[in-house]
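To start, the structure under review is shown below, and the notes come after it.
Derivation of every value follows stated rules applied to the coordinates shown; laboratory data play no part. This is a predicted model, so every value here is computed, not measured. Cβ sites come from the backbone with ideal geometry, for glycine too, and all protein chains shown count toward neighbours.
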Amino acid sequence: MSDQMTQPSPLLIFDIMTAYQRTGVFKAAIELDVFSAIGKGNQTPDAVARACGVAERGARTLCDYLVVIGFLTKEDGRYGLTQDSAVFLDKRSPAYMGGAIEFLASPMLADAFNDIAGAVKRGGTVLPDEGSVAPEHPVWVKFARAMGPITAMPAQALVGLAGAERAGSLRVLDIAAGHGTFGITFAQKNPNAQVTALDWPQVLEVAKDNARAAGVIDRFNTIEGSAFDADFGDGYDIVLLTNFLHHFDAPTCETLLRKVHAALADGGRAVTLEFVPNDDRVSPANAAMFSAVMLATTPNGDAHTMAELRNMFENAGFARSEIHDLPGGIQQVVISQK
């Protein structure tokens with residue numbers, strides 16, 4: 001053992017206790033469009049202040065903080081965008097994802113984390129009704145409006161993993177479609193694809209607007225209602241389950257997956273996008289920590305391991321399931337064959 005043992009440090013504790021401050025500063029920068037302003041060449045505090053309509057002291061303090069936490073650079077008193085900020089936080093970028101803050105830092109999610117101790121005691125959310133899985137919860141309209149851009153890259157990856165570009169005629173059911181980006185991308189990549197999106201009526205209005213903007217509204221159909229109650233129909237080649245199964249426990253997921261299995265044509269596939277922790281449930285970090293989000297916001301949801309997912313699909317009648325990584329992503333894709 002080294003003579004110089006690592007000394008105890010309160011730094012991690014301090015960082016965690018003040019983490020809300022970073023979120024607040026970051027949210028302010030997005031609301032004021034600071035990243036776009038700097039991307040346009042407003043690189044000094046006074047220039048940022050003029051471009052964003054704020055006080056110079058405020059601009060300097062905000063930008064310095066963003067340098068410290070890794071979103072801006074600073075050299076000779078001039079600010080610049082990091083590579084990530086330029087790609088994802090400048091509104092002029094096609095990969096802009098700043099709008100996701102409207103959902104990820106929404107009052108519903110923030111309130112859910114105000115009493116984690118209560119959720120731990122109960123073993124599920126302390127939010128009213130059923131938390132985020134309450135029927136027609138308004139947060140899903142906010143989700144649909146805010147999260148579409150952030151899913152553009154994983155949606156294209158799903159099309160590739162499913163081999164949908166090479167397919168001829170293709171029928172796709174997008175369960176809990178939200179913004180509709182996943183199904184819409186299948187329709188864009190395959191001109192012979194017919195997509196049916198299922199969600200609550202108000203959410204589907206957002207999805208239809210997105211399908212119209214993408215030029216695929218003529219091949220974009222909808223089913224209103226709960227995935228557990230609605231009639232899916234049958235004969236689908238692909239059923240998309242993107243960020244849905246984690247809201248429920250294993251028996252509830254299996255109930256849904258039996259409906260999915262029945263809705264698929266022979267040889268059809270379920271394509272599932274999820275946060276999938278390893279069997280140790282503490283790695284990888286983002287997938288493992290997502291369990292706490294489900295504890296805080298749902299009665300029984302969880303981040304399911306691949307072993308758990310495979311067992312659910314097998315119990316629902318699927319022949320096999322394979323897991324795939326998404327390049328540069330924090331989620332994984334499970335493809336299950338009927």
Restricting to the chain, compute how many DSSP beta bridges are antiparallel as a %, nearest 5.
45 percent
Starting from the Cα-Cα distance between residue 330 and residue 40, subtract it from 0.36 nm times their residue separation and give me the gain in nm to one decimal.
101.4 nm
Using 0.36 nm per residue of separation minus the Cα-Cα distance, give me the extension gain between residue 153 and residue 101 in nm, one decimal.
16.9 nm
Scaled to the compact-protein estimate 2.2 N^0.38 Å, what is the alpha-carbon radius of gyration of the range 7-60, rounded to two decimal places?
1.49
Distance in nm between residue 11 and residue 213 label points, each 7 Å along Cα→Cβ, equals 4.2 nm
Distance check, please: which entries in 27/91; 259/338; 40/91; 27/121; 40/142 exceed 22 angstrom between their Cα atoms?
27/121; 40/142
Label model pair residue 113, residue 319: point-to-point distance (7 angstrom along the Cα→beta-carbon line) in nm is 4.3 nm
Options 59, 41, 230, ranked by Cα towards positive dipole end of the chain, top entry (Cβ charges):
41
Hey, could you grab the Kirkwood Rh for the range 201-289? Inverse mean 1/r over distinct alpha carbon pairs, Å, one decimal.
15.2 Å
³J(HN,Hα), Karplus 6.51/-1.76/1.60, whole Hz, each residue of the range 20-35, x for Gly, Pro:
4, 5, 5, 4, x, 5, 4, 4, 4, 4, 5, 4, 8, 6, 5, 5
0 to 90° range, to nearest 10: angle between helix 152-162 axis and the chain longest Cα axis
30 degrees
Restricting to DSSP loop positions (anything but H, G, I, E, B) with no more than 10 other Cβ atoms inside 10 Å of their own Cβ, which trypsin sites (Lys or Arg not before Pro) remain in the range 40-138?
92
Share of Cα-Cα pairs in the chain beyond 38 Å, whole percent, is 23 percent
Could you check the spin-label model distance between residue 205 and residue 27? Points 7 Å from the Cα along Cα→Cβ, value in nm.
2.5 nm
Take every Cα-Cα distance within the range 218-338, group them into 10 Å bins from 0 onward, and report for each bin the whole-number percent of pairs it holds.
13, 45, 32, 9, 0
Between 0 and 90 degrees, rounded to the nearest ten: what's the tilt of helix 201-213 against the longest Cα principal axis of the chain?
80 degrees
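Would you mind working out the magnitude of the charge dipole of the range 118-337 relative to its Cα centre, with +1 at each Lys and Arg C-beta and -1 at each Asp and Glu C-beta, to the nearest 20 Debye?
400 debye
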